[in-house]
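For reference, the structure is listed below as structure tokens.
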Amino acid sequence: MRYGVPAEPTGRSGRQAASPDEPPGADWDPSRHAEDQQSGSRGLRARSGSGSGLAGPDGQTPPQDPEAAAREICLRMLAAAPRTRAQLTTGLRRRGIPDEVIAGVLDRYEDVGMIDDRMFAAAWVESRHAGRGLGRRALAYELRQRGVDEATVAEAVSGLTPDQEYTTARRLAARKLATMSRLDHRTRVRRLAGMLMRKGYGAGLTARVVRDVLAAAGDADAADPVDLDAVLDHLGEPEE
């Protein structure tokens with residue numbers, strides 16, 4: 001099964017503390033991924049009947065044939081967008097499907113290749129890096145938010161080479177620098193570095209890229225050290 005990653009909306013978050021796994025900023029704030037459409041859920045309840053009368057986590061009554069219902073829910077969710085096993089599990093639990101039924105259905109879907117977290121993670125990294133310019137830290141965080149295990153996350157982001165990260169980060173920085181001709185050196189540095197760190201690039205790469213793009217643009221102060229502590233102080237602030 002070929003996986004593709006749909007574009008997801010992002011929003012600006014408030015100031016966050018920087019950490020190795022959760023860099024601050026808006027571009028990679030976890031997206032709220034809809035589990036499925038409400039209209040489909042209503043149709044499923046109508047076909048399934050009243051079930052056992054025991055409500056699930058969302059107050060829904062389990063269907064009379066939970067295995068058939070689980071398969072239908074999974075197919076509908078997968079038709080809307082690729083999903084991880086964890087995302088499907090969450091969606092099924094919300095509809096009152098018992099855990100043992102969930103495990104059996106998802107095991108079968110993994111056996112036939114309809115669920116593949118490794119393929120999902122690889123496609124996610126490729127798509128989000130190419131489309132949004134996200135770095136490894138941001139990509140790893142997004143995958144964790146979707147329930148991908150650490151080993152699979154590490155494997156997926158390892159496919160993104162340092163040269164790829166540098167090339168993408170420099171392209172982003174050069175594009176942004178072209179809009180800042182009237183700004184002073186310190187403001188340029190702060191905004192360029194802040195943008196890259198919000199995208200999930202590490203401190204060392206960020207400092208290197210900022211120096212390189214400023215030098216290429218003829219900035220007389222390009223060789224000055226990049227004060228990343230000052231950048232972190234401004235990450236939560238909107239840009240004028």
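So here's what we get for this one:
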{"quantity": "5 angstrom amide H check on residue 135, placed H, neighbours 5+ away", "calculated": "200, 201"}
{"quantity": "Protein-only accessible surface order, largest first, of 107, 163 at 1.4 Å", "calculated": "163, 107"}
{"quantity": "Vicinal HN-Hα couplings computed from phi for region 155-166 (Karplus, 6.51 cos²θ - 1.76 cosθ + 1.60; Hz; Gly/Pro x)", "calculated": "5, 5, 6, 5, x, 8, 7, x, 5, 5, 4, 4"}
{"quantity": "As computed over region 92-148, the Cα convex hull volume per residue (Å³)", "calculated": "91"}
{"quantity": "Euclidean distance between Cα centres, region 61-106 to region 167-195, Å", "calculated": "46"}
{"quantity": "Distant alpha-carbon pairs in region 105-212 (separation over 19 angstrom), percent", "calculated": "49"}
{"quantity": "93, 76, 146, 175, reordered so the largest accessible area comes first (probe 1.4 Å)", "calculated": "175, 93, 76, 146"}
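The values are calculated or read from the model by the stated rules, or taken from the named source; none is laboratory data. Remember, it's a predicted structure, so these values are computed and weren't measured experimentally. Just the protein is used for accessible areas: all its heavy atoms, side chains included, with ligands, DNA and RNA removed. Shrake-Rupley method; radii C 1.70, N 1.55, O 1.52, S 1.80 Å.
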